[in-house]
Amino acid sequence: MSDDIDPSGAIARMTLEEAADAHAQLAAEIRDHNRHYYIEDAPTISDADYDRLRRQLLAIEERFPELATAGSPSVEVGAAPDAAFGPVTHAVPMLSLDNAFSDLDVAEFAGRVRRHLKFAEDVPITYTAEPKIDGLSLSITYRDRRLVTAATRGDGTTGENVTANALTIADIPGTLPADAPDLIEVRGEVYMRHDEFAALNARMRAAGGEAARVFANPRNAAAGSLRQLNPEVTKSRPLHFFAYAWGALSAPVAETQHGMLEKFRAWGFPVNDRTTLCHSVEELLAVYRGIEADRALLGYDIDGVVYKVDDLALQTELDFKAQAPRWAIAHKFPAERATTVLRDIEIQVGRTGALTPVAKLEPVTVGGVVVSNATLHNEDEIVRKDVRIGDTVIVQRAGDVIPQVVGVVPERRPDDAVPFAFPHLCPVCGSHAVREVNERTGHMDAVRRCTGGLVCAAQARERLKHFVSRHAFDIEGLGEKQIEAFYEDGLIRTPADIFTLAARDRASMKKISARDGWGPTSARNLFRAIEARRRISLSRFLYALGIRHVGEATAKALARGFGSLARVEEVALKATDRTDPAWALLTSVEGVGEVVGEAVVDFFDEPHNREIVAALVTEVIVEEETAPPAVADSPVAGKTIVFTGTLVRMTRDEARAMAESLGAKASESVSRKTHLVVAGPGAGSKLKKATELGIPVIDEDGWFDLVSGVAPAGGEDAPDPA
Ligand code: IVH
């Protein structure tokens, strides 16, 4: 794996310290992208680029296994769930799929499957090929054949409870027939059809007002419609569902993937009718080409074809690695491309001062969407691709990702094409814009940053927008547009200004209610929405500050680790001295390595930032963080568990992941410290030792009963893992 990802051998030459640094940076970046993708439904990079980041992370972890800690995104999938919906712990984690981008990748996948199973070349292996639906995944739990919960994927372990909303989707049956098992998690994709998506947007546009916000694509529309606090809204949206997978299962249903799909169909779930059985790589690729050719005719978005080993016994044998099954792969369609003329390059200044070059294009349609802006990433990319103003460029767009310029068409370069001189001064505030050099590695940062801090209007504005955003203070009626306008007029220049806005408005002659687009009701609603946010959790508060590299997950970890804002600030200030124990304490927090730790320290070390925080806490109450996650309520929280023997309802990795998601520790060997042994058929020495030591032993069904809160048969004899 590390060969193609580390061609110059940089990883191979890294010291542990450098690797830790690079790892922290990659992890922060990946977490950020996870948040964009899974929570905000608005990814900012292509799958291929995301995949590359992940593979770099894995390559580093391969060389330095000590960096593969529980907090690493190599271990987690997705992003933590949104707190607005109650959390649901998936009985079996929802994992992700590895991607294939070429025929060769597919052949290699089939080769790995064959080698792992130790099958000779002439033994056929059957696969299913299924369209990869571009929606959002949903896990629906049926107990005693009744729909009891429906949850989004969330971070793979815990998702959001969207039961009431899922119940409004006609494609999802509320009950299952008698031949369905007592417990089953049916999984699939919620999506929206093209025609219905267009009609919905037209309706929203016609409705005007707040509702005039339209969705960028069907995937966002489906996600936005399912994740509605009001199920009535979901009900009014044209959502569909395809079933293609499952999680926990109390009894076997079929022996093959296609047998499972047939059952799903018989139970009333829509199953994609382009699903095809294949017996060779050639057949898989032929199905891929066929589906790709018909892609525009399907009526809904797909972004590839998923291949799965059909035989479920073989799937069990193949099992999972890090976070994806070995028995399946997603063969992605290439990103859509078009050529157009680059009119100009504009520099955008972000929240952290990053200068991003944006290509201003002659509008062009790429994959059904008109594109007139595309990212050029950074200074080095412009040089590397030798992009000049006036050039004809190739623009690419994959899924929801921001379009990017992938290169130029050199034959079409006009004689007067001008190379771009990247500014060394911030175009907004005129401060110096510099590329920092990492003291340890000596590498120059790819990003040039404005040094103006809050003196820079762009940074101040972007920080304010972040401050009020959905996962931060989440102030209704105060979005990007309003922040821009209030900033411009000097009404809101710092976060604390938001909370003094109403009082100042009362004393002012120029009322907000008299502004363009405002009236007495909307102004009153705004003040009310602001009042409603005077009390805020520490984790949201920390996230809202917009400290570099501190995303939601890290903010939560810091909040949990330190409990109060005063304590976070105290530790950060002490940690300016790296030899102070505070530095070790800070970097012991999950997800906080050198890079993130430094960003936290730098933030609080800056007097300007401390002033902002001080002014804020005179206006808002930051709630102290109390006890850690709800897993403490799980019957196995804090217990050490050993799984042994053959498991049929879950793989060993799933079992381990499940135990860990419930706050238990899964161990390989039985000792006096073991609290519980889950033994399947064929268990040997571990079972014997457990019996000798008097440790409770249960079977797989007993395990499911225990963790799903169902009283085990003959309740009294149920082993008590405590
Ligand atoms: S199987 C353990 N089959 O793709 C594997 N996934 O990139 C379970 N998806 O999270 C997933 N169509 O949201 C599977 N026919 C299909 C799919 C599919 C779309 C999505 C799903 C999954 C993601 C992985």
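When both the range 408-452 and the range 245-315 are represented by their alpha-carbon centers, they are found 47 Å apart. Given their separation in residues at 0.36 nm each and the Cα-Cα distance between them, residue 444 and residue 576 gain 45.2 nm when the chain is fully extended. Between helix 47-63 and the chain there is an angle of about 70 degrees, using the helix long axis and the longest principal axis of the Cα atoms.
Calculated FRET efficiency, residue 370 to residue 102, Cβ-Cβ distance, R0 = 25 Å: about 0.30 to the nearest 0.05. Here's the picture: a label point sits 7 Å out from the Cα of residue 619 along the beta-carbon direction, and within the range 522-549 the residues with their amide nitrogen under 11 Å of it are 530-531, 534. As a rough footprinting exposure proxy, the listed residues 171, 273 were ranked by other beta carbons within 10 Å of their own, and the order from fewest upward is 273, 171. From the Kirkwood radius over Cα pairs of the range 315-364, Stokes-Einstein at 10 °C and 1.306 mPa s returns a whole-number translational diffusion coefficient of 102 µm²/s. For residue 385, the lysines whose Cα falls under 27 Å of its own Cα, not counting residues fewer than eight places away in the same chain, are 332, 360.
Spin-label model, residue 346 to residue 164: label points 7 Å out along the Cα-to-beta-carbon direction sit 4.1 nm apart.
Computed 3J(HN,Hα) for the range 345-362, one whole-Hz value per residue from the Karplus formula 6.51 cos²θ - 1.76 cosθ + 1.60 where θ = phi - 60°, is 10, 10, 9, 9, 10, x, 4, 9, x, 5, 8, 10, x, 10, 7, 8, 10, 5, glycine and proline marked x.
Among beta bridges from DSSP that stay inside the chain, the antiparallel ones total about 85%. Here's the picture: charge each Lys and Arg Cβ at +1 and each Asp and Glu Cβ at -1 in the chain, and of 234, 259, 288 the one pushed furthest to the positive end of that dipole is 234.
Work out how much length residue 611 to residue 691 would gain on full extension: take 0.36 nm times their residue separation and subtract the Cα-Cα distance, in nm to one decimal. Kindly include the intermediate steps, with their values, before the conclusion.
Working: separation 80, 0.36 × 80 = 28.80 nm, distance 6.22 nm.
Additional length available on full extension: 22.6 nm.
To the nearest ten degrees, helix 565-574 and the longest principal axis of the Cα atoms of the chain are 80 degrees apart.
Compared with the rule-of-thumb size 2.2 N^0.38 Å for a compact globular protein, the range 371-486 has a Cα radius of gyration ratio of 1.34.
Remark: spin-label model distance residue 262-residue 665 equals 4.7 nm, labels positioned 7 Å along the Cα→Cβ axis.
If you rank 185, 283 by fewest surrounding Cβ atoms within 10 Å, what's the result?
Ranked by crowding around the Cβ, least crowded first: 283, 185.
Relative to the longest principal axis of the Cα atoms of the chain, the long axis of helix 281-294 makes an angle of roughly 50 degrees.
Put a plus charge on the Cβ of each Lys and Arg, a minus charge on the Cβ of each Asp and Glu, and nothing anywhere else: the dipole of the range 100-209 about its Cα centre is then about 240 debye. Relative contact order of the chain: 11 percent, from C-alpha pairs under 8 Å at least 6 residues apart in sequence. Excluding same-chain neighbours fewer than eight residues apart, the lysines reachable from residue 574 by a Cα-Cα span under 29 Å are 556.
Placing dummy labels 7 Å off each Cα toward the beta-carbon, the span from residue 179 to residue 195 is 3.3 nm. The fraction of all Cα pairs in the range 332-411 landing in successive 5 Å bins from 0 to the largest distance is 3, 16, 28, 24, 17, 9, 2, 0, given as whole percents.
Since only 123, 178, 514 are under comparison, the one whose Cα sits farthest along the positive direction of the charge dipole of the chain, derived from C-beta charges on Lys, Arg, Asp and Glu, is 514.
With 5 Å bins beginning at zero, the pair-distance distribution over Cα atoms of the range 168-314 amounts to 2, 8, 15, 18, 16, 14, 12, 8, 4, 2, 1 %.
Counted by neighbouring Cβ atoms within 10 Å, the residues 53, 226 run from fewest to most as 53, 226.
Could you run the Debye sum over the Cα atoms of the chain, one equal point scatterer each and no solvent, and tell me log10 of I(q)/I(0) at q = 0.05, 0.10 Å⁻¹, two decimals? For the chain, the Cα-only Debye profile gives -0.27, -1.17.
No value in this document is a laboratory result; all are computed from the given coordinates. Keep in mind that this is a model prediction, so the values were computed, not measured. Methodologically, a virtual Cβ is constructed for each residue, glycine included, from the backbone with ideal geometry; neighbour enumeration extends over all protein chains shown.
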